[in-house]
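Please treat every number below as a calculation from the coordinates, not as lab data. Here the structure is a predicted model, which means the values were calculated and not measured. Virtual Cβ from ideal backbone geometry, glycine too; neighbours counted across all protein chains shown.
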Amino acid sequence: MKQKSITPKNTVFVVLCFEGPDGYSTAGGLGVRVDNLAATLARKGFTTHMFFIGDPDRPGDEERERGKLILHRWCQWISKYHPNGVYDGEEHKLRDYNESIPLYLRDYIVKLAVSEDKLVVILGEEWHTAEVMCQISDVLYRHGLRDNAVLFWNANNTFSFHRINWGRLSYTTTITTVSRYMKHIMWEYGVNPLVIPNGIPRSLLGDTDSATAQEVRKAVGSEIILCKVARWDPDKRWHQAVQATAKLKERGCTTTLLARGGMEPHRGEVMNAARQMGLTIREAWAKDNSVESYLAAIRSAAPADIIEVRFQLPTPFLQAVYNAVDGVLANSGREPFGLVGLEAMAAGGIVFTGSTGEDYAIPFVNAFVLETADPMEIVGHMMYIQDYPEEGGRMRRAARATARYYTWETAVQNLIAKVENQARIQGTLRGEPEPTEEQFHPSKLPPELLPTAPKAAKGCQGGS
């Protein structure tokens, strides 16, 4: 292949991840990320194959986005015996994924693409795909196909980094991550990844439902309203959020924290601490999935210092909440990227971020960036907004403007540019030297990094 650039006519994308768009396959933000990534590539015209641990009761293969996005539900024969979601039977699925994916890609995607003079870009997500990316590189090399593929592997967080063979992974793939914070952490593992930020759907940039936002404020009925949506996890700094609520109350400000967490046990610790501070806590339960029911649930729980939202928050209503409140507390102490903060900024919310992976946050310009776990830092910023409401309006406008630079369309364009650069380095794109004969040869690895030969695929029902 000798092209000047990557286009939908000459390039096929493959996305590998454990999580995916099925309810069975989604356990957190990773499934949402890969779904948006793959769909955006398809909407740009690229034929995109997505391999994930799919719902065992759905078709093995499915086409979306006018046939440009092909879903491959993998390991379904195993998932049938593990009904509790993507990570139920995790090790069995991982073994099958590693054994079957490389040969399937070689025989049914890469060979076909090469016969049509196309480049294949393979994107692996998270630690589950680290081994399979290495095996794919070796399989393609042994069959003379490696120079027709560009391999990128992405880290969204540090989960199971201890299970990754970093020397082998960095030799066979280009490593990427989602923020400079993650890049610096990964230096400690001997790698220097490219940074390709996450994105948000372009639909979030539309006009927020201001009427619903006003109704949210009326339903809560407090002078200052804070909001926090996060897992109940110590890294999310729920204690700081609750303490800030208590400090504002001590100052005579009628304050309510709208809290939406998950099912994690840390919830009990946070709520017990809140009660010891003298804060009143009430739960909001919606009768059905309507805006009227959501508002009624909040209204019935008010007044309270903390209203724990115990119903799912659909995106349009959540964006209205972000716009309505005086502060969105995305104040994690350790955050690889901080997607909640960016989503709130798209809604015109005033966001309080941590100071780790939130590269999009500029202090006092489009957000407040918290440097400590001291609740008084939140209190001070809230008092500033109360004293200078025009500054709050300016920050809301700046937040929305910033969010426009972090859509999935922008993220994918960034990705494509870096893939093109790697393809030029490999000599795949025109104008650069051809790769040497020994490029990608596994024997060039130190002995301790050499892989064992991949086993033959067997039993996988996902893509056949």
Check your understanding: Okay, which of the stretch 401-422 sit inside 17 Å, backbone N to the point 7 Å along the Cα-Cβ direction of Val32?
Key -> 403-404, 406-409, 411
Point to revise | Karplus-derived HN-Hα couplings along the stretch 119-126 (A = 6.51, B = -1.76, C = 1.60, θ = phi - 60°), whole Hz, x at Gly and Pro | key: 8, 10, 10, 10, 10, x, 10, 6
Practice item. Can you tell me how much longer the chain between Glu390 and Tyr81 gets when fully stretched, taken as 0.36 nm per residue apart minus their C-alpha distance, in nm with one decimal? Key: 105.4 nm
**Study point:** Peptides ranked, highest mean first, by Cβ atoms within 10 Å: ranges 381-393, 323-335
**Key:** 323-335, 381-393
**Study point:** Euclidean distance of C-alpha centroids, the stretch 38-85 and the stretch 266-343, integer Å
**Key:** 33
Practice item. Can you grab the distance from the C-alpha centre of the stretch 94-145 to the C-alpha centre of the stretch 204-253, Å, no decimals? Key: 46
Review point. Quick one: Debye curve from the C-alpha atoms of the stretch 202-405, no solvent, what's log10 I(q)/I(0) at q = 0.09, 0.16, 0.17 Å⁻¹?
Key: -0.29, -1.01, -1.17
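Using 1/(1 + (r/R0)^6) with R0 = 25 angstrom and r between the beta carbons of Glu283 and Thr315, what's the FRET efficiency to the nearest 0.05?
Approximately 0.70, to the nearest 0.05.
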Exercise for review: Give me the aspartates and glutamates in straight-line cross-link reach of Lys118: C-alpha distance below 17 Å, same-chain residues under 8 apart excluded.
Suggested key: Asp107, Asp147, Glu420, Glu434
Check your understanding: By how many degrees, 0 to 90 and rounded to 10, does the Cα axis of helix 29-43 deviate from the longest principal axis of the chain?
Key -> 60
Check your understanding: Quick one: net charge of Ile196's neighbours, Cβ under 11 Å, K/R +1, D/E -1?
Key -> +2
Check your understanding: For Glu269, what is the net charge nearby, where nearby means another residue's Cβ is under 12 Å from its Cβ and Lys, Arg count +1, Asp, Glu -1?
Key -> 0
Exercise for review: Rank-order 129-137, 397-405 by packing density, defined as the average count of other C-beta atoms within 10 Å over each peptide's residues, highest first.
Suggested key: 129-137, 397-405
Review point. When the chain is fully extended, how far beyond the present Cα-Cα distance does Ser160 get from Glu264, taking 0.36 nm per residue of separation?
Key: 35.5 nm
Exercise for review: Label the stretch 207-298 by shape, choosing from rounded, prolate and oblate, from the square roots a ≥ b ≥ c of the eigenvalues of the Cα gyration tensor; if a/c is under 1.5 it is rounded, and otherwise prolate applies when a/b is larger than b/c, oblate when it is not.
Suggested key: oblate
Revision key, fill the gap. The local net charge around Thr356, scoring Lys/Arg +1 and Asp/Glu -1 for residues other than Thr356 whose Cβ lies under 9 Å from its Cβ, equals -1
**Study point:** Computed lengthening from Gln413 to Ser355, 0.36 nm per intervening residue step minus Cα-Cα distance
**Key:** 18.3 nm
Revision key, fill the gap. Within the stretch 221-244, the residues whose backbone N lies under 19 Å from a label point placed 7 Å from the Cα of Thr254 along the Cα-to-Cβ direction are 221-227
